[in-house]
Amino acid sequence: MTQTYLTTDQLAERINYNPRTIRNQLKDSVLIEGVHYIRPFGRRKILYIWEVIESEILTRPLSPASIPMANGGYCHG
């Protein structure tokens, strides 16, 4: 399977988020290293795996009573 790797700026453009939001809020709370993104050659640069993120966006259901939380989770109360 061929995967599409995106930089933070490219991902931000595709999902209409600010790159800073991705770096500060989504990375490591919603997006998991080794699943949603990689650090090639153990370096500082991060590449996001588009197919995995797209699948996550399309399959994560939100019930009408769900309240988004700051840490990326949802309150179903």
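Taken together, the values in this text are just the output of simple stated rules run on the coordinates, not laboratory data. Here the structure is a predicted model, which is why all the values come from computation and not from measurement. Every residue, glycine among them, receives a Cβ derived from its backbone with ideal geometry; neighbour counts consider all protein chains shown.
Report, by chain and number, residues whose modeled amide H sits under 5 Å from the one on Y74, excluding near sequence neighbours (fewer than 5 apart, same chain).
Correct list: M69.
Could you work out the local net charge near Q3, counting Lys and Arg as +1, Asp and Glu as -1, over the other residues with Cβ closer than 13 Å to its Cβ?
For residues surrounding Q3, the net value is -2.
Considering only DSSP beta bridges where both residues belong to the chain, give the percentage that are antiparallel (nearest 5).
75 percent
Based on DSSP H runs of at least 4 residues, each adding -39500 (n - 2.57), what is the mean residue ellipticity at 222 nm of the chain after dividing by all its residues, to the nearest 500 deg cm²/dmol?
The helix contribution divided over the chain gives -6500 deg cm²/dmol.
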